[in-house]
Amino acid sequence: MTYLLRIVLVSFIVFVLQVTLVHNVKVAGASPDLIMVLLVVLVIDRKPVAGIIIGFMLGFLQDLGNASFLGMNALAKTIVGYGIARFGRDYLPDNILFRGLLVFVACLINDIITLNVATTFHPAEVIIAFFRYSILSAAYTALLAVFVMQLIDLLPRRKVRSGGRY
Amino acid sequence: MQIFSFLFDRHLERTVLAVAIALSVFMLTRPEDGRIAAARSISSFLLYPVSRTDDYFTSVEELTAENDSLRTRVVSLSHENERLTQFRDERNRLRELLGFRKDSFFEFMPCDVIARSSSRFHHSITVDRGSDSGVLPGMPVVGYRGLAGKVTQVFPSSSRVLLLNNKSVSVSCLVKRSRVVGVLAWERGSFFSLDYVGKEEDVLPGDTLITSGFGRVFPKGFPVGTVFHVAEEKTELSRRVGIVCMTDLNKLEEVFIIIGGRDWKGGEAWLELEKNKKDGEEPEEGKAAGGGEQ
């Protein structure tokens, strides 16, 4: 229960930072996606079902801030959460480079889905936006995620359940 | 049951994924108005504790501000209440005065007491009416219960009034019931004596004393005091009559100057006295019955 509360509290703080602070730390017009960082941190050591549910919840909460696209981020984060949980630990080596790469790819997939929904599947607009913003934002987010995950690794960890997952 | 088992036991992962994607697509395919309304209702539901907390703190701030405002208002209203209480008391006194005025034949000038003398034996007050208002020296002054004194000095906008408890004032009075005449003289506090009352005169405790009108300084018939004590003098020629004054001379706040009346003019005797003094004549009237100051 304490762990769940901690997750809720951290999520709340991340949401607040995403809404308030992120616009002030843009680099070349690209801003990091803190919610994606949170998703990766929460999901990477969990089972795919947990990844789906956490992804859906985070995306849905993100959608509540922009009701015109209600369901867009829920859809994207559900797929990304599932992908991270499914492939993140089992198929990728556990080192910092691949973690960063995982976040980078996750951001790109998230952006591809959201851009398609936002432009109602208009390929030209998707490609322009993707190359103009998504790659840089994904790199920025990946760097930030690596930094955060390194910090988390320094913290004392919970006991590992049977099966090697939390 | 088999289908549930199929979905949730054997293919839980895919089922959950499908449900989540279906939900997301369902939300995306809803009309925009519906999406916004749904998001708003869900947000308000999720943020209800936060909004309640916010409301609580807002209400605390409002209550604090309201409390400060009310404190200020309480102070203000307390002062106003005090002022209104004074107005009420004044109104009650004036109502009594009005009743008194209706019963009389005289013309009164209301005035406020603006100063009091500090002398122990020469009690006087200063009122806020003077020669500009038509006040003349010698005019009698009454409170709402009875006689209070007389005007002795007049300035343009104020006048000095010698009270009955001034040693230099004596008033010719008569007992209302038996019409016995005497001269009122102050002894101490609110107590006076009625001098020159013969041994055989009919004076009883409880009798009311009124002005006699002799000397024309004080008009006839104004209540002055009540007899509370009658005793024989050692000389056995006269009686000692103790009087308690009707007007509380120490608590005068408003008084009336009698400026005139039917067959009577305030200050007339004074003017005549002054005229006689100037002419080198001694005033014949008033010494015997009204006293020297009358």
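So for the stretch A:5-14 (the condition being buried (at least 21 other Cβ atoms within 10 Å of the Cβ), out of contact with any Lys or Arg (no Cβ under 7 Å at 6 or more places or on another chain) and of a type in the set (Ser, Thr, Tyr)), does at least one residue qualify?
There is no residue in the stretch A:5-14 that is buried (at least 21 other Cβ atoms within 10 Å of the Cβ), out of contact with any Lys or Arg (no Cβ under 7 Å at 6 or more places or on another chain) and of a type in the set (Ser, Thr, Tyr).
Check A:ALA74, A:ALA85, A:ALA50, A:ALA138 and return the single one that is among the small types (Gly, Ala, Ser), at pLDDT 85 or above and over 27 Å from B:PHE8 (Cα atoms).
Going through A:ALA74, A:ALA85, A:ALA50, A:ALA138 in turn, the sole match is A:ALA138.
Report yes if B:GLY292 is touching a Gly at 6+ places or on another chain (Cβ under 6 Å) and at pLDDT below 85, otherwise no.
no
Given the structure, is A:PHE98 more than 10 Å from the chain's Cα centre (by Cα), surrounded by fewer than 22 Cβ atoms within 10 Å (Cβ to Cβ) and modelled with pLDDT under 85?
Here the answer is no, as A:PHE98 does not meet what is asked.
Considering only residues that are within 10 Å of the chain's Cα centre (by Cα) and within 8 Å of chain B (Cβ to nearest Cβ), look in the stretch A:30-65 and name the one that is surrounded by the most Cβ atoms within 10 Å (Cβ to Cβ).
The qualifying residue surrounded by the most Cβ atoms within 10 Å (Cβ to Cβ) is A:GLY55.
Please list, ordered by first then second residue, the pairs with beta carbon atoms under 8 Å, 6 or more apart or interchain, first in the stretch B:15-35 and at the interface with chain A (Cβ under 7 Å from one of its Cβ atoms), second surrounded by fewer than 16 Cβ atoms within 10 Å (Cβ to Cβ).
Once the first residue is at the interface with chain A (Cβ under 7 Å from one of its Cβ atoms) and sits in the stretch B:15-35, its partners that are surrounded by fewer than 16 Cβ atoms within 10 Å (Cβ to Cβ) give B:GLU32/A:SER68; B:ARG35/A:SER68.
Taking the condition more than 12 Å from chain B (Cβ to nearest Cβ), surrounded by fewer than 14 Cβ atoms within 10 Å (Cβ to Cβ) and either polar (S, T, N, Q) or closer than 20 Å to A:LEU143 by Cα (or both), does A:VAL27 pass?
yes
Just checking, which of A:LEU34, A:LEU58 is closer than 23 Å to B:PHE26 by Cα and modelled with pLDDT of 85 or more?
A:LEU58
Please work out which one of (1) away from chain B (no Cβ under 13 Å); (2) under 22 Å from A:LEU136 (Cα atoms) is the condition A:PHE15 fails and give its number.
If we test A:PHE15 against (1) away from chain B (no Cβ under 13 Å); (2) under 22 Å from A:LEU136 (Cα atoms), just (1) comes out false.
The values are calculated or read from the model by the stated rules, or taken from the named source; none is laboratory data. Not measured: the values here are computed from a predicted model. Note that each Cβ is placed from the backbone with ideal geometry, even for glycine, and that neighbours are counted across all protein chains shown.
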